[in-house]
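Below is one structure; the comments refer to it alone.
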Amino acid sequence: MHLILLGAPGSGKGTQGSLLAEHFGAQHISSGQLLRAHLGDATAFGKRIEDYVRTGELVPDEVVLELLRPAVTAAVADGGYVLDGFPRTLRQAELAFREAVPMGATADAVVYLAVPDEIVRQRLAGRSEGRVDDGSSEVTERRLRIFHAETEPLLDYYRSRGLLVTIDAAGPAEEVTAATIAALEAR
């Protein structure tokens, strides 16, 4: 299974990514976790992305692709992937598709975890992970604006390719997982 998860910050991509990867025998690849690991370890890569993450900006496309390429390549060779947090822009989607075609790594489906902004605000305010990209209402609002402007256009892109599966992700995680698996298996 090659699966992409889309959704606003706090929509449950990380939770669903882990659960779906386990269900389908795929690797969960979280661009956010990879980025935060580099920040936490203060790697050279982490230093390149620090200002973007701290202010809620999107990390440049080429930089994210550089980070994800080895993880996706390894996952494709080992049963597939559930990718969360990438792509976030139409340009990223187009660049990733061009790279994925020759590797046989194109997505089988794209799951959009639909959550109202108010629930996103509540979830992000309640996170206790100490993440640099959560907590502040100013950063949350900036991330929501970026999501609506940059990521929502991907819905039409993937819908036009027949890949989009929209799931109401406002409920409990186990209900979202069950609905997602049912929708994917019905395809």
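A compact table of results
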item	result
Breaking point among (1) loosely packed, with under 13 Cβ neighbours inside 10 Å; (2) touching a residue at least 12 places away in the same chain (Cβ under 8 Å); (3) not small (G, A, S), for L124	(1)
Single residue of T180, T151 found to be in contact with a helix residue (DSSP H, G or I) (Cβ under 7 Å, 6 or more places away or on another chain) and either within 21 Å of S30 (Cβ to Cβ) or modelled with pLDDT under 95 (or both)	T180
Conditions (1) under 17 Å from the mean Cα position of the chain (by Cα); (2) among the charged types (D, E, K, R); (3) under 22 Å from L164 (Cα atoms): number failed by R123	(3)
Residue in the stretch 2-16 that is modelled with the lowest pLDDT, counting only those that are assigned to a helix (DSSP H, G or I) and buried (at least 21 other Cβ atoms within 10 Å of the Cβ)	K13
Tally of residues being out of contact with any strand residue (DSSP E or B) (no Cβ under 8 Å at 6 or more places or on another chain) and surrounded by 16 or more Cβ atoms within 10 Å (Cβ to Cβ) across the stretch 24-47	7
Hits in the stretch 34-87 (condition: in contact (Cβ under 8 Å) with a residue 40 or more places away in the chain and among the β-branched types (V, I, T))	V53, T55, V72, V76, V82
Matching option when the condition is aliphatic (A, V, I, L, M), at pLDDT 95 or above and surrounded by 19 or more Cβ atoms within 10 Å (Cβ to Cβ), among L19, L68	L19
Residue match in the stretch 51-63 (condition: in contact with a Gly (Cβ under 9 Å, 6 or more places away or on another chain) and either modelled with pLDDT of 95 or more or more than 24 Å from G12 (Cα to Cα) (or both))	no
Filtered residue count, the stretch 63-119, keeping only those that are more than 16 Å from the chain's Cα centre (by Cα), closer than 20 Å to E152 by Cα and in a helix (DSSP H, G or I)	3
Set S160, S136: member being without any contact (Cβ under 8 Å) to a residue 12 or more places away in the chain, closer than 16 Å to I4 by Cβ, out of contact with any Pro (no Cβ under 9 Å at 6 or more places or on another chain) and polar (S, T, N, Q)	S160
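The values are calculated or read from the model by the stated rules, or taken from the named source; none is laboratory data. Since we're looking at a predicted model, the values are computed, not measured. Reconstructed Cβ throughout: ideal geometry from the backbone, glycine too, with neighbour counts over all protein chains shown.
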